[in-house]
Amino acid sequence: MGWNSWNTFGCNATEQIVKDTADFMAASGMRDAGYQYLTIDDCWMERSRDSAGRLVPDAAKYPHGLAELAAYVHGKGLKFGVYESPTYHTCQGFPGSLGYEQKDADTFASWGVDFLKYDNCTASDPSQRPGDERLPLETRDSTMRDALARTGRPIVFSLSLQPAAQGESPWEWGKSVANMWRIDGDRDASFDGLKRLIHTDLDKSKWAAPGGWNDIDMLGTGNYAFAAGSSDPTKRLTYDQEKSELSVAAVLAAPLISGADLRTPAAAGTSGFPISDQDLSVYLNKDVIAVNQDSRGEQGTAVTTTGGLNVLRRPLANGDVAVALFNETSSQAALSTTAGAVGLPPSSTGYVLNDLWDHSSHVSTDGTISATVPAGGTVLYRVSPRPAR
Ligand code: GLA
């Protein structure tokens, strides 16, 4: 759980932005809700390595260097991440880590880095790739895995790639190499982007388990930068769609990495896109986060996905089942399933349905689990057998 700079700031993240974000995450309740990792994406470095072959932070963006910035982030009770790539160049043309894995891993560890997002922008046709970029991605990523391990510092290893475009299936081997892996290309903050990621992820549940997770890319909740940048109002989520995003991400056991501008309005200034209190409250829903972080670590699956009406379920460590009734259509709809269909055991006393967004609960005596769900919305229940009196 955390934040990544790319979807709001692109190449323009700076030390000040990261510090303001860390301040906000600590003060707003995000850190205490579990959002820990702040990661600066591509473009944090100079175009050339130094004479010893080490990566050098961009002196204009990070005037005090990344060790100082990591210390600041740590001082707020948060963790610090950077971006690199197992290629000769990053996606934006900065020096890649291919051939420099140990040097870069040692550099990151010396700065106090806790998370590495590792990309893969290279020709989709291996015969068109230069030199060692022809090596399989699993091999190139494993080299960095081993280099990180040799530093002795725990560093979350996050694989970022374009699986379909690059003909890669990182979920098949990701668990032995990394802690998370992207399952689809970049998404923006639109509902279409969210729906694409969800449906791409639904058939990959069996590959996720504690230690290795399917990554649905940065969350769009509270991210207004895409809509502002394109003047297209559909490039941001409505409040109902935002609740769908966190609900479904919870059921899918997805990493919760915000791509929003997490600064106060004063810090964000007129060129920023500071998150509203209502959108922040979506991120802070502890009941939904508890489903996401459930210790059983099982990614949920679809019971039905028909005509944009989705019933998703995730079994939880205490025997409860999380049930998401996700209506991706543009009209209100009634969705319904049963306790048996979502995998709950028979119960002669019925079931208790806890609504994790409106915090109401009700009893279902016959096991029906249903709700009227707004367009684009989700009703997320945590369902348990009703205790006998
Ligand atoms: C790729 C990744 C993005 C971002 C950019 C940076 O497109 O998928 O998330 O890291 O590279 O250049």
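When the label point is put 7 Å from the Cα of residue 54 along its Cα-to-beta-carbon vector, which residues of segment 68-107 have a backbone N closer than 11 Å? Under cut-off, by backbone N: 104, 106-107. For the chain, what proportion of DSSP beta bridges, expressed in % and rounded to the nearest 5, is antiparallel? Antiparallel bridges: around 60 percent, rounded to the nearest 5.
What net charge is computed for the residues neighbouring residue 64, neighbours being all others with C-beta under 14 Å from the C-beta of residue 64, Lys and Arg scored +1, Asp and Glu -1? Each step should come with its number before you reach the end.
Working: positive: 19, 61; negative: 15, 58, 68.
My count for the surroundings of residue 64 gives -1.
Accessible surface of residue 351, taken over heavy atoms with a 1.4 Å probe and every protein chain present, rounds to 20 Å².
Using the Kirkwood radius over C-alpha pairs as Rh, can you work out the diffusion coefficient of segment 300-363 via Stokes-Einstein at 20 °C, viscosity 1.002 mPa s, in µm² per second? Walk me through the numbers on the way to the answer.
Values: Rh = 12.8 Å.
This corresponds to a translational diffusion coefficient of 167 µm²/s.
Taking every alpha-carbon pair in the chain and binning the separations at 10 Å intervals from zero gives 5, 23, 31, 24, 12, 4, 1, 0 percent.
Rounded to the nearest 500 deg cm²/dmol, what is the calculated helix-only ellipticity per residue at 222 nm for the chain, with -39500 (n - 2.57) per DSSP H run of length n ≥ 4? Write down the numbers at each step before the final one.
Values: 14 runs with 115 residues, N = 389.
So the calculated ellipticity at 222 nm is -8000 deg cm²/dmol.
Restricting to Cα pairs below 8 Å that are 6+ residues apart, what does the relative contact order work out to for the chain? Please round to a whole percent. Before the final figure, lay out the partial values.
Numbers: 860 pairs, mean separation 47.7, N = 389.
Here the relative contact order equals 12 percent.
Counting only lysines at least 8 places from residue 235 when in the same chain, those with an alpha carbon closer than 29 Å to its own are 19, 61, 117, 195, 204, 243, 286. Residue 362 exposes around 80 Å² of accessible area when a 1.4 Å probe is run over every protein chain in place. Rg and Dmax of segment 32-147, based on Cα coordinates, read 14.7, 48 Å. Rounded to whole Å, the principal axis extents of the Cα atoms in segment 158-254 read 42, 27, 19, largest first. Once you have a ≥ b ≥ c as the square roots of the Cα gyration tensor eigenvalues for segment 246-389, tell me rounded if a/c is under 1.5, and otherwise prolate or oblate according to whether a/b is larger than b/c. Prolate shape, in that a/c is at least 1.5 and a/b is the bigger ratio. For the chain, the solvent-accessible area works out to 38 Å² per residue, with a probe of 1.4 Å and every protein chain left in place. Close amide H contacts of residue 303 (hydrogens built in the peptide plane, cut-off under 5 Å, sequence separation of 5 or more or a different chain): 311, 312, 313. Net charge near residue 317: determine it from the other residues with C-beta under 15 Å of the C-beta of residue 317, scoring Lys and Arg +1 and Asp and Glu -1. My count for the surroundings of residue 317 gives 0.
Going by a ≥ b ≥ c, the root eigenvalues of the Cα gyration tensor, does segment 268-334 fall in the rounded group (a/c under 1.5), the prolate group (a/b larger than b/c) or the oblate group? It is oblate, given that a/c is not under 1.5 and a/b is not larger than b/c.
The values are calculated or read from the model by the stated rules, or taken from the named source; none is laboratory data. Because the structure is a prediction, the values reported are computed rather than measured. Virtual Cβ from ideal backbone geometry, glycine too; neighbours counted across all protein chains shown. Just the protein is used for accessible areas: all its heavy atoms, side chains included, with ligands, DNA and RNA removed. Shrake-Rupley method; radii C 1.70, N 1.55, O 1.52, S 1.80 Å.
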